[in-house]
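Before any comments, here is the structure.
The values are calculated or read from the model by the stated rules, or taken from the named source; none is laboratory data. As the structure is a prediction and not an experimental result, all values here were calculated from the model. Here the Cβ is made from the backbone with ideal geometry for all residues, glycine too, and neighbour counts use every protein chain on show.
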Amino acid sequence: MPTQPLPSFPPGFRWGVATASYQIEGAVAEDGRKPSIWDTFAATPGKVKNGESGAVACDHYHRWEGDLDLMQRLGVQAYRFSVAWPRVIPEGTGAVNERGLDFYDRLVDGLLARGIEPFATLYHWDLPQPLQDAGGWPWRGIVEPFVAYADAVTRRLGDRVRAYATLNEPWCSAIMGYDFGEHAPGLHDRALALQASHHLLLAHGEALPVMRANAPAAQHGIVLNLNPGYPASDSAADAEAARRFDGFFNRWFLDPVLLGRYPEDLWTGYGDAAPDVHDGDLEAISRPLDFLGVNYYNRTILAADPGELGVRPADGPADAEYTEMGWEVFPQGLTELLLRIHRDYPLPPVYITENGAAYRDEVVDGVVDDPQRVRYLDGHLRALHAAIAQGVDVRGYFAWSLLDNFEWAHGYGKRFGLVHVDYATQARIPKTSATWYADAIARQRAVVGSGA
Ligand code: FCB
């Protein structure tokens with residue numbers, strides 16, 4: 001384990017952990033919850049590794065108190081969780097299910113009682129199945145139900161939640177879900193995916209004023225996953241490949257949200273697949289934010305390619321470290337990414353809302369020693385500090401994830417937790433990385449205080 005203490009982060013910087021509803025809660029048919037697109041997708045043969053699903057997951061729905069106690073023992077100051085839409089409005093539209101909201105009500109009070117700030121995400125991919133049946137995110141009619149759902153949640157939880165994010169990673173919802181088919185609902189259509197991305201952002205923008213009215217003291221924002229593209233060589237063709245990837249992954253979301261327009265080059269490049277956009281949509285999408293959540297895991301290296309796309313991902317350096325996901329460990333990418341968005345956009349305060357790594361952890365004599373994850377976290381926190389030192393306003397960091405959990409199409413095989421979960425017994429064992437993180441937080445708090 002690195003023994004060098006981390007440099008001091010600014011006063012008031014928040015140290016947190018993150019999770020998402022479908023990945024940890026289980027209890028998919030309890031207290032009125034109805035199926036989401038992930039229940040359907042996971043039940044479709046061949047979609048999720050080993051046919052696994054979030055039906056039980058970490059059983060957090062029943063074990064939440066113990067999980068909050070665990071967080072308190074780690075000394076985390078903030079917890080980013082997501083609210084399951086199919087618990088709150090099980091049919092997607094219509095009646096609010098108060099029993100579904102009761103769970104989050106108790107969770108929020110439980111966090112506050114333990115001195116942990118609630119950071120809630122409204123949509124971390126569990127769309128009520130009836131809304132997919134009506135057309136899903138490519139259907140413009142989905143915006144209103146999302147706003148009604150955002151209204152129900154923020155009305156009930158109000159200002160007890162410190163920060164609300166509308167969406168988690170709309171790139172994944174749209175592209176992984178409707179184009180690459182690797183996530184629910186598992187479709188393969190670029191035009192549908194781009195239309196989905198537009199309606200996700202529109203739903204975000206239209207929900208903001210309603211959320212602000214219900215929770216005026218809370219912060220309101222959105223979470224994007226940003227993946228910087230690096231050219232495979234110094235050739236002009238590879239530089240262009242990296243630029244195109246950056247457009248597809250990052251600018252397609254950053255530009256409308258922060259600048260109120262779609263990037264010209266992509267719009268032209270997409271041709272007939274470009275989404276249908278109505279007057280006023282971009283004004284709604286670019287409503288001011290209190291924060292931008294950034295999820296950073298890795299970079300992508302790109303090379304020019306003679307094929308149809310003109311671009312292909314290239315291998316990373318042979319001497320780099322790779323996680324169990326096959327993702328290159330590249331902390332410097334976080335510094336460069338933050339400096340770049342700070343330079344290119346009128347940036348609100350930033351939270352790193354996810355960062356972490358999967359490794360092949362093993363329990364040996366009741367202990368899970370994960371020095372690689374410690375190195376990953378240490379490296380990324382130093383990289384984050386470097387960006388802050390160069391002027392980027394970053395207010396907090398959330399490690400992904402508190403617990404090992406259901407890693408979407410990968411099932412339970414990929415473990416991202418600071419805390420190991422034995423899925424047969426639901427026993428939780430904090431890994432070495434949890435102890436390391438707790439220690440890092442305690443040191444920071446001793447130096448700068450907890451701040452306000
Ligand atoms: C992100 C997701 C999160 C988790 C991590 C590993 O894309 O937001 O739910 O799966 O990746």
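Some notes on this structure:
- Enumeration of residues in the range 207-224 that are touching a residue at least 60 places away in the same chain (Cβ under 8 Å) and either out of contact with any helix residue (DSSP H, G or I) (no Cβ under 8 Å at 6 or more places or on another chain) or buried (at least 20 other Cβ atoms within 10 Å of the Cβ) (or both): Ala207, Leu208, Pro209, Met211, Ala215, Ala218, Gln219, His220, Gly221, Ile222, Val223, Leu224
- Filtered residues of the range 361-384 (kept if closer than 21 Å to Glu321 by Cα and in a loop (DSSP other than H, G, I, E, B)): Asp361, Glu362, Val368, Asp369, Asp370
- Test result for Gly205, assigned to a helix (DSSP H, G or I) and at positive phi: no
- Just one of the listed residues (Gly136, Gly158, Gly141) is over 22 Å from the mean Cα position of the chain (by Cα) and not polar (S, T, N, Q), and it is Gly141.
- Which numbered condition Ile89 misses (of (1) farther than 23 Å from Glu169 by Cα; (2) among the β-branched types (Val, Ile, Thr); (3) buried (at least 24 other Cβ atoms within 10 Å of the Cβ)): (1)
- Residue pairs whose Cβ atoms lie under 8 Å apart, sitting 6 or more positions apart in sequence or on different chains, and linking a residue in the range 239-258 that is without any contact (Cβ under 8 Å) to a residue 40 or more places away in the chain to a partner that is of a type in the set (Lys, Arg), are Asp255/Arg261.
- Every residue from the range 66-117 that is of a type in the set (S, T, N, Q) and over 18 Å from Thr19 (Cβ atoms): Thr93, Asn97
- Residue-level analysis places Leu339 among those that are assigned to a helix (DSSP H, G or I), away from the ligand (no atom under 16 Å from the Cβ) and at negative phi.
- Within the option set Leu282, Leu266, Leu302, Leu289, being in contact with a Gly (Cβ under 7 Å, 6 or more places away or on another chain) and assigned to a loop (DSSP other than H, G, I, E, B) holds for one residue only, Leu289.
- Taken as a whole, the range 93-100 holds at least one residue that is buried (at least 16 other Cβ atoms within 10 Å of the Cβ) and part of a helix (DSSP H, G or I).
For (1) within 16 Å of the ligand (Cβ to nearest atom); (2) buried (at least 17 other Cβ atoms within 10 Å of the Cβ); (3) modelled with pLDDT of 95 or more, each residue gets a yes or a no:
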{"position": "Asp344", "(1), (2), (3)": "no, no, yes"}
{"position": "Thr353", "(1), (2), (3)": "yes, yes, yes"}
{"position": "Ala387", "(1), (2), (3)": "no, yes, yes"}
{"position": "Val392", "(1), (2), (3)": "no, yes, yes"}
{"position": "Trp400", "(1), (2), (3)": "yes, yes, yes"}
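- The set of residues in the range 11-32 being within 30 Å of Ala440 (Cα to Cα), surrounded by 14 or more Cβ atoms within 10 Å (Cβ to Cβ) and either more than 16 Å from the ligand (Cβ to nearest atom) or of a type outside the set (A, V, I, L, M, F, W, C) (or both) consists of Phe13, Arg14, Trp15, Gly16, Thr19, Ser21, Tyr22, Gln23, Glu25.
- Some residue of the range 286-295 being touching a helix residue (DSSP H, G or I) at 6+ places or on another chain (Cβ under 7 Å) and buried (at least 21 other Cβ atoms within 10 Å of the Cβ): no
- Here Leu381 fits the description: of a type outside the set (Phe, Trp, Tyr), closer than 20 Å to Leu226 by Cβ and away from the ligand (no atom under 16 Å from the Cβ).
- Exactly one residue out of Tyr61, Tyr104 is more than 16 Å from the ligand (Cβ to nearest atom), surrounded by 22 or more Cβ atoms within 10 Å (Cβ to Cβ), part of a helix (DSSP H, G or I) and touching a residue at least 40 places away in the same chain (Cβ under 8 Å), and it is Tyr104.
- Residue check for Pro35: more than 14 Å from the ligand (Cβ to nearest atom), modelled with pLDDT of 95 or more, closer than 21 Å to Glu354 by Cα and more than 20 Å from the chain's Cα centre (by Cα): no
- Test: residue in the range 122-145 that is within 16 Å of the ligand (Cβ to nearest atom) and either free of Cβ contacts under 8 Å to residues at least 24 places away in the same chain or in contact with an Asp or Glu (Cβ under 7 Å, 6 or more places away or on another chain) (or both): no
- Verdict on Phe253 being in a helix (DSSP H, G or I) and at pLDDT 95 or above: yes
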